[in-house]
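Structure first, commentary second.
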Amino acid sequence: MINNDYVRGYFDAHGCIRPYVRGGKYTYYCIEFSDSQIEQVNRVREYLCRCGYSVSFYCYRYHHQINKAYHASNPCRLRMAKKIDIKRFIEEIGSERPEWQERFSEAAK
């Protein structure tokens, strides 16, 4: 069963909050989940959508050649970019990883 605790753990294992700079002046943040298991990413997407979050889902089929064999490299991504959704995610779900706390503080401004 998916709930906020599940999403928090999934974010800690497969997610990040990253800054983007537009035009060299404006920094905005997005929350991303990345995983090679499309079913897992899709379950989290469905839960977040049911909770009212606006999320984008991307599934890339790119491969890296390693020792003459091809391996998938986290082809599925879920992205949340609206500031209101990021603030809500921080308040309701959050993270147990201390390294994300500073970025959470910056993103919530």
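Each value in this text was obtained by applying a stated rule to the coordinates, not by laboratory testing. Since the model is a prediction, treat every value here as computed from it, not as a measurement. Methodologically, a virtual Cβ is constructed for each residue, glycine included, from the backbone with ideal geometry; neighbour enumeration extends over all protein chains shown.
In this structure, SER105 and TYR58 have a Cβ-Cβ separation that, at R0 = 35 Å, corresponds to a calculated FRET efficiency of about 0.80.
Given only helices, namely DSSP H runs of n ≥ 4 each adding -39500 (n - 2.57), what is the per-residue ellipticity at 222 nm of the chain, to the nearest 500 deg cm²/dmol? Walk me through the numbers on the way to the answer.
Working: 4 runs with 41 residues, N = 109.
The helix-only estimate for the chain comes to -11000 deg cm²/dmol at 222 nm.
Here P(r) over Cα pairs in 10 Å bins from 0, in percent was calculated from the structure, and among (1) 14, 44, 29, 11, 1; (2) 13, 34, 28, 17, 8, 0; (3) 14, 49, 31, 6, 0 it sits at label (1). For segment 16-33, 3J(HN,Hα) computed residue by residue from phi via the Karplus equation (6.51, -1.76, 1.60; θ = phi - 60°) reads 7, 10, 10, x, 10, 10, 10, x, x, 10, 10, 9, 10, 10, 9, 9, 10, 10 Hz, glycine and proline entered as x.
Highest average first, the peptides 34-43, 19-28, 75-84 ordered by how many other beta carbon atoms sit within 10 Å of their residues are 75-84, 34-43, 19-28. When both segment 87-108 and segment 1-43 are represented by their alpha-carbon centers, they are found 11 Å apart. Relative to the current alpha-carbon distance between ARG88 and ASP5, full extension at 0.36 nm per residue lengthens the span by 28.4 nm.
Model label sites at ARG43 and ALA81, defined 7 Å from Cα along the beta-carbon direction, differ in position by 2.8 nm.
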